[in-house]
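Only the coordinates and a few stated rules stand behind these numbers; no lab work does. As the structure is a computational prediction, the values presented were derived from the model and not from experiment. Neighbour counts are summed over all protein chains in view; Cβ atoms, including those assigned to glycine, are modelled from backbone coordinates with ideal geometry.
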Amino acid sequence: MKSHVLLIFLDGIGLGTDDPQTNPFAVANTPTLLSLTNGRRWLNSTGIQYAERAVFVPTDPRLGVNGRPQSASGQAAILTGKNIPEMIGEHYGPRPNPAIRSILAQDNLFKRVVARGGTAALIEAYPPRFHDAINSGKRLASSYQQALVEAGLPLFGEDKIYSGEALSVDWVGKGWRSELGYTDTPIYEPAEAGKRMVEISRQYDFAFFSHWMSDVVGHRGTVAEGAELLELFDGVMAGALDEWDDDEGLLIITSDHGNLEDLSHKKHTENDVPTVIIGAGREEIASSIHTLADITPGIETFLYDRSGNEATHG
Ligand SMILES: [Zn+2]
């Protein structure tokens with residue numbers, strides 16, 4: 001199998017204090033996530049951790065720019081390897097402004113993979129009403145969706161949900177039934193969804209999965225709701241890690257800014273975000289990651305600059 005990368009993006013998760021009153025990470029029952037950090041909870045005191053299968057790297061989303069990091073500029077930094085907040089002079093979001101859209105149109109990781117003759121995809125799917133809103137201009141795409149479209153790649157729709165070639169943003173598919181009114185779309189157990197996510201990622205050199213509900217809970221949810229979401233993600237990762245072969249590529253988890261880890265207020269935080277890197281070669285990549293702008297260079301180094309990598313030689 002060709003070496004590939006799966007990037008799991010969770011919107012709005014940062015590293016906060018060990019406070020059960022305000023931080024879901026301080027209370028959630030997440031044995032799989034903790035196995036990636038030598039049993040330590042994902043907090044601001046955790047620091048860099050080298051575990052059996054993962055390196056955990058606290059990562060700077062502030063990028064030297066004052067204010068609370070935002071989604072559009074943070075996601076664009078992740079997907080371009082550029083200091084977007086510095087380039088546009090502010091943290092901006094949730095949807096990209098013209099300056100960010102113009103940068104994404106010129107260059108982003110989806111485009112670079114395609115330009116090298118590789119394959120890339122956003123592996124969650126959206127319902128018809130989302131596509132209608134984007135196509136009619138009623139809704140602006142988020143930065144990662146815009147980056148995909150600028151590479152000439154499709155936003156997936158309901159056909160891929162039915163075929164199992166893409167997942168729901170909640171992984172397990174409940175939202176398609178409860179929120180969207182479908183009665184016959186697939187429902188997965190969390191571990192099964194994680195396994196499926198890995199299987200889908202193998203179809204591409206670069207697969208991106210985005211989960212935005214963590215930021216929604218961060219803005220208006222409770223600690224119990226946050227813990228429930230983290231426990232769902234833990235189950236997904238249990239299945240994903242079972243299926244994932246450490247020699248097949250890199251599996252990366254990261255975020256654009258903090259939010260969920262401090263429910264004492266409804267705003268984003270200025271905390272570091274967690275980046276978790278799984279797979280052979282993780283230590284080399286991890287050592288280069290300090291800010292969100294280091295993720296894309298790390299992925300490109302892994303896919304294209306290592307000697308003997310099949311992705312380089314077809
Ligand atoms: Zn937000």
Original post:
What residues qualify as long-range amide H neighbours of I8, i.e. H under 5 Å apart, gap of 5 or more or another chain, H built at 1.01 Å from N?
Top reply: F209, I252, I253, T254
Original post:
Distance from the Cα centre of the range 112-126 to that of the range 218-274, in angstrom?
Top reply: 23 Å
**OP:** Determine ³J(HN,Hα), in whole Hz, for all residues of the range 278-293 in sequence, where each value follows from phi through the Karplus function 6.51 cos²θ - 1.76 cosθ + 1.60 and θ = phi - 60°; x replaces Gly and Pro.
**Re:** 10, x, 4, x, 5, 5, 5, 5, 4, 5, 9, 9, 10, 10, 4, 6
**OP:** Measure out, as a whole number of angstrom, how far apart the alpha-carbon centroids of the range 1-39 and the range 157-177 sit.
**Re:** 23 Å
Subject >> Estimated vicinal HN-Hα couplings, Hz - the range 152-161 in sequence order (Karplus 6.51, -1.76, 1.60; Gly, Pro = x) >> reply: x, 9, x, 7, 6, x, 5, 4, 6, 5
**OP:** Compute the label zone of K2 within the range 199-239: residues whose backbone N is under 19 Å from the point 7 Å along Cα-to-Cβ.
**Re:** 199-209
Original post:
Which whole-number percentage describes the relative contact order of the chain, with Cα contacts under 8 Å and a sequence gap of 6 or more?
Top reply: 34 percent
Original post:
Based on Cβ point charges of +1 for Lys and Arg and -1 for Asp and Glu, what charge dipole magnitude is obtained for the range 155-308 about its Cα centre, in debye rounded to the nearest 20?
Top reply: 420 debye
Subject >> Calculated [θ] (222 nm, deg cm²/dmol) that DSSP helices of n ≥ 4 give over the chain, each run adding -39,500 (n - 2.57) >> reply: -10000 deg cm²/dmol
**OP:** For T59, list long-range residues whose amide hydrogen, built 1.01 Å from N in the peptide plane, is under 5 Å from its own amide hydrogen.
**Re:** V273, T275
Original post:
Considering amide H positions built from the backbone, and no H for Pro or chain starts, which residues 5 or more places from T269, or on another chain, come under 5 Å of its amide H?
Top reply: G258, N259
Original post:
Lysine pairs in the chain 8 or more apart or on different chains: how many have alpha carbons under 17 angstrom apart?
Top reply: 4
Subject >> DSSP H segments from the chain that extend 18 Å or more along their own axis, Cα-based, with Kyte-Doolittle mean of -0.5 or above >> reply: 223-243
Original post:
What list of ³J(HN,Hα) values in whole Hz, one per residue of the range 50-57 in order, does the Karplus curve 6.51 cos²θ - 1.76 cosθ + 1.60 (θ = phi - 60°) give from phi, with Gly and Pro shown as x?
Top reply: 9, 9, 4, 10, 8, 10, 10, 10
Original post:
So how much slack lies between R68 and L34, counting 0.36 nm per residue of separation and subtracting their Cα-Cα distance, in nm?
Top reply: 9.5 nm
Original post:
In Å, what Rg and Dmax follow from the Cα atoms of the range 1-159?
Top reply: 17.8, 49
Original post:
Taking the highest mean first, how do the peptides 2-11, 288-297 order by number of other beta carbon atoms within 10 angstrom per residue?
Top reply: 2-11, 288-297
